[in-house]
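Before any comments, here is the structure.
What follows is calculated from the coordinates using simple rules that are stated; it is not laboratory data. None of these values were measured; they are calculated from a predicted model. Counting neighbours? That spans all protein chains shown, and the Cβs are built from the backbone with ideal geometry, glycine included.
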Amino acid sequence: MKKSFIIIGIIVVAAFLLYRSGKGSYNSMVEKDEAVSAAWAQVQNVYQRRADLIPNLVNTVKGYAQHEKETLEGVIEARAKATQVTVDPAKLTPEMLQQYQQAQDGVSSALGRLMVVVEQYPDLKANQNFLDLQAQLEGTENRITVERQKFNDTARDYNTFIRSFPRNIFAGWFGFDKKAYFEAQAGADKAPEVKF
């Protein structure tokens, strides 16, 4: 009889410790998952800011460089494609994040081509509206870099947390999956070649 009370006591204590550990781990995983979602929302926010600036920039350039129709349409088309790609923060798989990043890289590339066109128009480069939009765009690009870094830091913290023992067991039980990171563009490790 005494042995059975000891065994029942051990089982109750073990169950209580497992419950407390699981509850604490689960709640922490939820907090960290929400932090990743919030960081992702901020990344999308700054990309949206860039997308909102593009029509104003294109319209300003259009007034000066009407025969650069192909470049202007390329920027508008890249913006439209990028705004169609959405990623659910709960499903931040490497594939989904890569698809999103490729769409945004298309916008960056189109904007780069637009800035090359702008160099050919001294009057446009001196236009105050254009200068203001260009400064806002540069600031937005910096914000994008900062927010992507914050997202990666938050995702790293979350991934480390859910992959540590014994939380990895609870993460598997409760369906907490690893989040993807933003990565550098292919070829970003090579410096661009400048020719004069």
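Counting trypsin sites (Lys or Arg not before Pro) as exposed when in a DSSP loop with at most 11 other beta carbons within 10 Å, what is the longest stretch of the chain free of them?
1-189
Provide Asp157, Asp132 in ascending order of the number of other Cβ atoms located within 10 Å of each residue's Cβ, fewest first.
Ascending number of Cβ neighbours within 10 Å: Asp132, Asp157.
What pairs in Lys62/Lys91; Lys62/Lys150; Lys81/Lys178; Lys69/Lys125; Lys69/Lys91; Lys81/Lys125 have C-alpha atoms more than 30 Å from each other?
In this structure, Lys62/Lys91; Lys62/Lys150; Lys69/Lys91 exceed 30 Å between Cα atoms.
In the range 24-105, which chymotrypsin sites (Phe, Trp or Tyr not before Pro) fall in coil by DSSP and have 11 or fewer other Cβ atoms within 10 Å? It would help to have the intermediate numbers written out before the result.
Working: sites: Tyr26, Trp40, Tyr47, Tyr64, Tyr100; in loops: none.
Answer in residue order: no site qualifies.
With an 8 Å Cα cut-off and a minimum separation of 6 or more residues, compute the relative contact order for the chain in percent.
31
Sort Ile144, Ile7 so the one with the fewest other Cβ atoms within 10 Å of its own Cβ comes first.
Starting with the residue having the fewest Cβ neighbours, the order is Ile7, Ile144.
According to the square roots a ≥ b ≥ c of the eigenvalues of the Cα gyration tensor, what is the shape class of the range 13-132, taking rounded for a/c under 1.5, prolate for a/b larger than b/c otherwise, and oblate for the remainder? Write out the running numbers ahead of the final one.
Numbers: a/c = 5.29, a/b = 3.38, b/c = 1.56.
Prolate.
Please get the size of the charge dipole for the chain, origin at its Cα centre, with Cβ charges of +1 on Lys and Arg and -1 on Asp and Glu, quoted in debye to the nearest 20.
Charge dipole of the chain: 1240 debye, to the nearest 20.
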